[in-house]
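S.K.: The structure under discussion is supplied below as structure tokens; questions concerning it will follow.
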Amino acid sequence: MQDTPSPAPVVHVIEQWSVFEVPPPEGQTKWYRHFTGICADQPFISDAVVGFDAAGASAHTARGHIVQLLGEPDLPKEVRRLWSAWKTLHHITYERDVTREFHSGLILVRAGSPL
């Protein structure tokens, strides 16, 4: 029997990115993080982020995708509209913008400082 190789993870390269935390579903305690931005010239929202590599400026998501951050943070109007619609669809009434914290971490790593 031959082993079937695992498919390569889907990679989303996003520019003009932001990071938001949303409350967990009832009964859970860990907040979910989502990366937003422009991916292939379209507004984009990642599924829940489960791991972040500051040195590589990339995140791993719950679905096994990789989100690669490119450039500097921003929140273009088309991404704001998509994020607002996404929150409505998922009944999210509160979020925390943690973009600054992620960006600060990237700057520290680029400067050679450990997190």
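The values are calculated or read from the model by the stated rules, or taken from the named source; none is laboratory data. Values in this document were obtained by computation on a predicted structure and should not be read as measured data. Ideal geometry is used to build each Cβ from the backbone, glycine not excepted, and the neighbour counts take in all protein chains shown. SASA here: full protein model, heavy atoms, side chains in, ligands and nucleic acids out. Shrake-Rupley method; radii C 1.70, N 1.55, O 1.52, S 1.80 Å.
S.K.: Which members of region 49-96 meet the condition of being part of a strand (DSSP E or B) and not aliphatic (A, V, I, L, M)? Reasoning before the result, please.
M.R.: Filtering region 49-96 for residues part of a strand (DSSP E or B) gives 49-53, 58-61, 66-69, 73, 96.
If the condition is that a residue be part of a strand (DSSP E or B) and not aliphatic (A, V, I, L, M), then Gly51, Phe52, Asp53, Ser58, His60, Thr61, Gln68, Pro73, Arg96 are the ones that fit.
S.K.: Hey, could you check region 97-115 for residues that are open to solvent by 90 Å² or more (accessible area, probe 1.4 Å) and not in a helix (DSSP H, G or I) and say which is nearest to Phe44 (Cα to Cα)?
M.R.: Residues of region 97-115 that are open to solvent by 90 Å² or more (accessible area, probe 1.4 Å), as a first pass: 100-101, 110, 114-115.
Subset that is not in a helix (DSSP H, G or I): 114-115.
Numbers: Pro114: 30, Leu115: 27 Å.
So, considering only residues that are open to solvent by 90 Å² or more (accessible area, probe 1.4 Å) and not in a helix (DSSP H, G or I), the one nearest to Phe44 (Cα to Cα) is Leu115.
S.K.: Does Ile92 satisfy the condition of being open to solvent by less than 40 Å² (accessible area, probe 1.4 Å), of a type outside the set (Ser, Thr, Tyr) and over 15 Å from the mean Cα position of the chain (by Cα)?
M.R.: Values: open to solvent by less than 40 Å² (accessible area, probe 1.4 Å): yes; of a type outside the set (Ser, Thr, Tyr): yes; over 15 Å from the mean Cα position of the chain (by Cα): yes.
In short, yes.
S.K.: Turning to a different aspect of this structure: Tell me, yes or no, whether region 32-39 has at least one residue that is surrounded by fewer than 16 Cβ atoms within 10 Å (Cβ to Cβ) and not hydroxyl-bearing (Ser, Thr, Tyr).
M.R.: The answer is no, given that none of the residues of region 32-39 is surrounded by fewer than 16 Cβ atoms within 10 Å (Cβ to Cβ) and not hydroxyl-bearing (Ser, Thr, Tyr).
S.K.: Across region 64-84, what is the number of residues that are open to solvent by 60 Å² or more (accessible area, probe 1.4 Å), farther than 18 Å from Glu21 by Cβ and not acidic (Asp, Glu)?
M.R.: 3
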